[in-house]
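Let me begin by presenting the structure, written as structure tokens, before commenting on it.
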Amino acid sequence: MSLVILGTLAFDAIETPYGKTDKIVGGAALYNALAAINYCPVNLISVIGDDFPKLTLNMLSEKQINLDGVEVKKGEKTFFWACKYHNDMNHRDTLQTDLNVLANFEPHVPSLYQQNQFLMLGNLMPSIQRTVILQYPKRPCFVAMDTMNFWIEHYYNDLIETLKLVDCLFLNDSEAKLLTQEVSLVAAAKKIMSLGPKYVIVKKGEHGAILFHKDFMFCAPAIPLELVFDPTGCGDTFAGGFMGYLAQQKELNKEVFKMALIQGTAAASYCIEKFGIERLTEINLSDIQSRVEALKEMTAF
């Protein structure tokens, strides 16, 4: 089956202990899509200005990523975000955020997309995520969404309404605790599941990820790497790999979800090896599977 991805196509400016970039292409939807396309057809919903590079759009088209849902606003600028990472690359400072075309984004789901059974809602305002779900004449069989502390702190009620409509929530450990006011991740996950999602995936950066369901819990370690150049987009790459793997399965069961977590982890391990999307444009499914095998070797006992 195909996967529909809602999210940002953007410009990023990134500084880490290993160097810095000028404006480079980024955005959650871009990382999502480049991971997911290794597993299944991908259909994007986003908005860009006419300053977004045609070279990048051509690259996505060449990878068979459908851009029919990407709106181009002439005479306007693409969303821009700048950040600086510290020596502990789990923490960063946002230096600049220019919403530009994102300020008045009203996503439209093309009729062709509405036949797709898997939907990934990238990190956007909860009301925007909700409008996409509601445009489907028949609800997709599996809907996942990402969120962040800004929406939790400033759009809590809106977020709660959107959570009622999704099957899976991606967030990091501090966001899970912020959303639920719980100290324990297990207690936080249970509370989130009571709000609607059947699955909660807590991203823990260099410490991997945990999948929660009412009947089971599964942990995936991150792959240890000697150099971590740029963690930007790793969580989005992880989610893209996870959802891409799910979308190609004939049925969804416990073992499939566990493997999806591993596939997402393996895909994300490549993202951090170079700045931006560069490394993701160089790899294929065979490369990802080699990291899956490495994870098996690391964790078998």
Of ASN157, ASN149, which residue is modelled with pLDDT under 95, surrounded by fewer than 18 Cβ atoms within 10 Å (Cβ to Cβ) and of a type in the set (S, T, N, Q)? ASN149
Please work out if PRO137 is part of a loop (DSSP other than H, G, I, E, B), exposed (fewer than 13 other Cβ atoms within 10 Å of the Cβ), in contact (Cβ under 8 Å) with a residue 12 or more places away in the chain and out of contact with any Leu (no Cβ under 6 Å at 6 or more places or on another chain). yes
Just give me the residues in the range 184-203 being surrounded by 18 or more Cβ atoms within 10 Å (Cβ to Cβ) and in a loop (DSSP other than H, G, I, E, B), in sequence order. PRO197
Residues of the range 74-89 being out of contact with any Leu (no Cβ under 8 Å at 6 or more places or on another chain), in contact (Cβ under 8 Å) with a residue 40 or more places away in the chain and assigned to a loop (DSSP other than H, G, I, E, B), in sequence order, are HIS86, ASN87, MET89
Residues located in the range 92-134, provided they are without any contact (Cβ under 8 Å) to a residue 60 or more places away in the chain, assigned to a loop (DSSP other than H, G, I, E, B) and of a type in the set (A, V, I, L, M, F, W, C): LEU99, PHE105, MET125
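Let's see how each residue does on (1) among the basic types (Lys, Arg); (2) in contact with a helix residue (DSSP H, G or I) (Cβ under 7 Å, 6 or more places away or on another chain):
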residue	(1), (2)
GLY196	no, yes
LYS204	yes, yes
PRO224	no, no
THR237	no, yes
PHE257	no, no
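The rows are residues; the columns are (1) under 17 Å from LEU261 (Cβ atoms); (2) at pLDDT below 95; (3) of a type outside the set (Gly, Ala, Ser).
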site: GLN181; (1), (2), (3): no, no, yes
site: LYS190; (1), (2), (3): no, no, yes
site: ILE201; (1), (2), (3): yes, no, yes
site: GLY205; (1), (2), (3): yes, yes, no
site: ILE210; (1), (2), (3): yes, no, yes
site: ASP215; (1), (2), (3): yes, no, yes
For the range 6-27, check the following and say yes or no: at least one residue is crowded, with 19+ Cβ neighbours inside 10 Å and of a type in the set (Asp, Glu). yes
Among the residues of the range 255-296, the number that are free of Cβ contacts under 8 Å to residues at least 24 places away in the same chain, part of a helix (DSSP H, G or I) and buried (at least 18 other Cβ atoms within 10 Å of the Cβ) is 1
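The values are calculated or read from the model by the stated rules, or taken from the named source; none is laboratory data. Note that the coordinates shown come from a computational prediction; the quantities given were computed from them, not determined experimentally. Every residue, glycine as well, gets a Cβ built from its backbone with ideal geometry; the counts of neighbours run over all protein chains shown.
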